[in-house]
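**Q** Got a structure for you, written out below as structure tokens; questions coming shortly.
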Amino acid sequence: MTDAYWPTAEGRLSGGVDLDGREMIMLSSNDYLGLAGDERVLAGARRALDAHGTGLGLNPSIVLTRVHRELADELAGYLGCESVLLFNSCAAANCATLQTLADTPGSTIISDEYNHASIVDGCRLARGRTKVYRHDDLGSLEEQSADLTSADRTIVVTDGVFSMEGSVARLDELQPLAARLGADLVVDDSHGIGVIGATGRGSVEHHGTAAATLRTGTFAKALGAGLGGFLAGPAAVVDEVRSRGRFFIFTSPMPPASAGAAVAAIRLIRDDQSRLERLRANVARFRRGMQETGWELLDNPGPIVPVMLRDDERARRVAAVLRDRGIFTAAFSYPVVPRGTARIRVQISAAHTDHHLDAAIDAFAEAARLEPDHRS
Ligand SMILES: Cc1ncc(COP(=O)(O)O)c(C=O)c1O
């Protein structure tokens, strides 16, 4: 983020939030389904807090609480996979998974160039080598796999939803390609779980790909649990990470309160699609309104709406105009995104009201009037 503005929030988030004493419309939160302040999710957190306190003070490889086991089972059922391992964050899940699976010098990780920083960190921690393919370019991936030998373990790793683009990885093509290379496919679906795919089960559901794919993800975005991550997939591979993953063994578990919140959130979104429907209606309303403003938007099927400013200074100016009008957004420029692709990343939530969305569109229209050549 290029913006030095660093306000203090009061109270709960609900589409808007109090920042430094001023009510702002929040367009930069990962709380896509508005679950972070949902009473049923908070009740799940409180129940777990009452049952287990703040935790056992033990690493998760030694003892797991009842609520952690419940969450692992609930998520395995929700995703339709054999096994789930819980972490204190998705960053830890990525590091543990990549470091464990590529732990010999002969192993290879092949990684999309736009992958999340924690995937990059996992690659750096692995003893195997890392090869980076051009974003979303399967030809480039094949080139990077040219010198693999069958004795090597290979891992292809990708974000399921790329956080700066909002685009979904082409898992329908990546899965068979990884299988042909004899590689494990690891998909970080932090921005996909809960919001992408017909019922919100993520990018794997979006593409209808095989359940054998390994998935990592966070409980701190659409699931509204505040903290926590997971690895989901075939039991044999998940077990490897459980027995050797340094970021699983040598660190604390996600807090029971977050696990309780996540259990409640999964049950809620499994049994009731209304938040997902509201989110999709909100995204459609915002995109429709923004088309009138002339700003260029990147197309994708989810709640991330990148508004392309292209120029770093313009991105900063527009974010400042929006802020003056009570809209909180984040401007991103190089090196977070490639040069010449500065943008404001809008994240829509089911918690946004029509008023929030219309006020945001009006503010973007006002910013467009102050940037006369913004259509170029
Ligand atoms: C794609 C992706 N992976 C992993 C993470 C990290 O998630 P967590 O906050 O659970 O470590 C994020 C969050 O920024 C993300 O966007």
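**Q** Give me the pairs: first residue in region 118-129 and within 13 Å of the ligand (Cβ to nearest atom), second residue in a helix (DSSP H, G or I) and open to solvent by 70 Å² or more (accessible area, probe 1.4 Å), beta-carbon distance under 9 Å, and six or more apart or on different chains, which are they?
**A** Pairs that qualify, where the first residue is within 13 Å of the ligand (Cβ to nearest atom) and the partner is in a helix (DSSP H, G or I) and open to solvent by 70 Å² or more (accessible area, probe 1.4 Å), are Gly122/Phe247.
**Q** What are the residues in region 105-128 that are open to solvent by 30 Å² or more (accessible area, probe 1.4 Å) and either under 20 Å from the mean Cα position of the chain (by Cα) or modelled with pLDDT under 95 (or both), if any? It would help to see each step written out before you state the result.
**A** Step one: filter region 105-128 for residues open to solvent by 30 Å² or more (accessible area, probe 1.4 Å), giving 105-106, 113-114, 116-117, 120-121, 124-125, 127.
Result: Pro105, Gly106, Glu113, Tyr114, His116, Ala117, Val120, Asp121.
**Q** Would you point out which residue out of Gly57, Gly80 is away from the ligand (no atom under 16 Å from the Cβ), of a type outside the set (Asp, Glu) and open to solvent by 70 Å² or more (accessible area, probe 1.4 Å)?
**A** Answer to the selection: Gly57.
**Q** Answer yes or no as to whether Ile110 is away from the ligand (no atom under 15 Å from the Cβ) and either within 12 Å of Val157 (Cα to Cα) or not assigned by TED's automatic domain parsing to the domain that holds Val238 (or both).
**A** On the way: away from the ligand (no atom under 15 Å from the Cβ): yes; either within 12 Å of Val157 (Cα to Cα) or not assigned by TED's automatic domain parsing to the domain that holds Val238 (or both): yes.
Here the answer is yes, as Ile110 does meet what is asked.
**Q** Criterion first (within 15 Å of the ligand (Cβ to nearest atom) and touching a strand residue (DSSP E or B) at 6+ places or on another chain (Cβ under 6 Å)) does Leu223 satisfy it?
**A** On the way: within 15 Å of the ligand (Cβ to nearest atom): yes; touching a strand residue (DSSP E or B) at 6+ places or on another chain (Cβ under 6 Å): no.
No; evaluated as a whole, the condition is false for this residue.
**Q** Next question, about the same structure. Inspect all residues belonging to region 265-284 and state whether any of them is away from the ligand (no atom under 14 Å from the Cβ), more than 21 Å from the chain's Cα centre (by Cα) and touching a residue at least 40 places away in the same chain (Cβ under 8 Å).
**A** no
**Q** Here's something else I'd like to know. Name the pairs whose Cβ atoms lie under 8 Å apart, with the first residue in region 134-147 and open to solvent by 50 Å² or more (accessible area, probe 1.4 Å), the second in a loop (DSSP other than H, G, I, E, B), and 6 or more positions between them or separate chains?
**A** Arg134/Glu113; Asp136/Tyr114; Asp136/Ser167; Asp136/Ala169; Asp136/Arg170
**Q** Only one of Val263, Val238, Val336, Val307 is at pLDDT below 95 and β-branched (Val, Ile, Thr); which? Don't jump to the end; show me each part of the working.
**A** Working: Val263 fails: at pLDDT below 95; Val238 fails: at pLDDT below 95; Val307 fails: at pLDDT below 95.
The match here is Val336.
**Q** Residues in region 316-347 that are open to solvent by less than 30 Å² (accessible area, probe 1.4 Å) and more than 23 Å from the chain's Cα centre (by Cα): how many?
**A** 4
**Q** If you don't mind, another one. List, please: which pairs have Cβ atoms under 6 Å, are six or more places apart or on different chains, and start with a residue in region 222-234 that is open to solvent by less than 10 Å² (accessible area, probe 1.4 Å) and end with one that is in a strand (DSSP E or B) and more than 10 Å from the ligand (Cβ to nearest atom)?
**A** Pairs found: Phe230/Val84; Phe230/Leu86; Leu231/Leu85; Ala232/Val84; Ala232/Arg215; Gly233/Leu214.
**Q** Would you confirm whether any residue within region 203-220 is within 21 Å of Glu142 (Cα to Cα), near the ligand (Cβ under 10 Å from one of its atoms), modelled with pLDDT of 95 or more and in contact with a strand residue (DSSP E or B) (Cβ under 6 Å, 6 or more places away or on another chain)?
**A** Scanning region 203-220, I find no residue that is within 21 Å of Glu142 (Cα to Cα), near the ligand (Cβ under 10 Å from one of its atoms), modelled with pLDDT of 95 or more and in contact with a strand residue (DSSP E or B) (Cβ under 6 Å, 6 or more places away or on another chain), so the answer is no.
The values are calculated or read from the model by the stated rules, or taken from the named source; none is laboratory data. Small disclaimer: the values here were computed from a predicted structure and weren't measured. Counting neighbours? That spans all protein chains shown, and the Cβs are built from the backbone with ideal geometry, glycine included. With ligands, DNA and RNA removed, areas are computed over all heavy atoms of the protein, side chains included. Shrake-Rupley method; radii C 1.70, N 1.55, O 1.52, S 1.80 Å.
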